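Inspection log for the structure reproduced underneath, given as structure tokens.
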Amino acid sequence: MDQGLLVLRAVLGLGLAAHGAQKLFGWFGGYGLQGTGGWLESQGFRPGRVFALAAGLTEAAGGLLTAVGLFGPVGPALVVSVMIVAIGVAHWGHGFFAQSSGFELPLLYIAGAVALALTGPGAVSLDRVLGLSGLSTPAIAGAAIVLGVLGGFANLAARRPQPTPSTPATA
């Protein structure tokens, strides 16, 4: 089981950390803070560059904490938070499947993160090495997941889409 958790943590965590690097540095074909910030601003997140920095840092930190198994459910909770925002902004209106930009992939990230939060990082983790395994209790995991969900929805609530121009009345 510990090797399975390590594989899941590494793939999910490093995949999400790479998404964060796309936003932060433009690595791996990403748009960096400027491009991501412009897109986020067009989606109603102002100032866009600040939201791009927050999204990039959340993805990178959540992914890396998850990958190395540090601080129990904190990394997975960050993953849940940022993927809720991704679903709400970029994927919800496109159905389920990823081929049509649906929410399939971010939902898989959420499911993996929740599973890791609830099971703990396993024996092959920094938590185990540093004696922090006590952070992976059901109560702490549940609280972290709830905070991640609330953080995601709070970010969506901060969104301010541009008003559509009204059509002038005709006489």
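The values are calculated or read from the model by the stated rules, or taken from the named source; none is laboratory data. A quick note: this is a predicted structure, and the numbers were derived from the prediction, not measured. Every residue, glycine among them, receives a Cβ derived from its backbone with ideal geometry; neighbour counts consider all protein chains shown. Ligands, DNA and RNA are stripped out before the accessible areas are found, and what is left, the full protein with its side chains, is counted by its heavy atoms. Shrake-Rupley method; radii C 1.70, N 1.55, O 1.52, S 1.80 Å.
Scan segment 90-129 for residues that are assigned to a helix (DSSP H, G or I), hydrophobic (A, V, I, L, M, F, W, C) and within 19 Å of G63 (Cβ to Cβ) and the total you get is 14.
Here is a yes/no grid of residues against (1) farther than 23 Å from F45 by Cα; (2) without any contact (Cβ under 8 Å) to a residue 60 or more places away in the chain; (3) among the hydroxyl-bearing types (S, T, Y):
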position	(1), (2), (3)
V79	no, no, no
M83	no, no, no
G88	no, no, no
H91	no, yes, no
F96	yes, yes, no
Y109	no, no, yes
A123	yes, no, no
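The set of residues in segment 41-66 being farther than 21 Å from E104 by Cα, assigned to a helix (DSSP H, G or I) and open to solvent by 10 Å² or more (accessible area, probe 1.4 Å) consists of E41, S42, R49, V50, F51, L53, A54, L57, A61, L64, L65.
Residues that are of a type in the set (G, A, S), within 19 Å of A154 (Cα to Cα) and in a helix (DSSP H, G or I): does segment 69-80 have at least one?
Keep residues of segment 69-80 that are of a type in the set (G, A, S), which gives 69, 72, 75, 77.
Within this subset, residues satisfying the condition of being within 19 Å of A154 (Cα to Cα) are 75, 77.
Next, only the ones that are in a helix (DSSP H, G or I) stay: 75, 77.
Yes - at least one qualifying residue is present in segment 69-80.
For the residues L12, L24, L8, the requirement of being free of Cβ contacts under 8 Å to residues at least 40 places away in the same chain and either farther than 25 Å from V114 by Cβ or in a helix (DSSP H, G or I) (or both) singles out L24. Take the conditions of a type in the set (S, T, N, Q) and out of contact with any Gly (no Cβ under 9 Å at 6 or more places or on another chain) and apply them to Q43. Does it pass? Judged against the criteria, Q43 is a match. Scoring A144 on the criteria (1) open to solvent by less than 20 Å² (accessible area, probe 1.4 Å); (2) more than 16 Å from the chain's Cα centre (by Cα); (3) over 13 Å from L5 (Cβ atoms); (4) of a type outside the set (D, E, K, R) leaves a single failure, condition (2).
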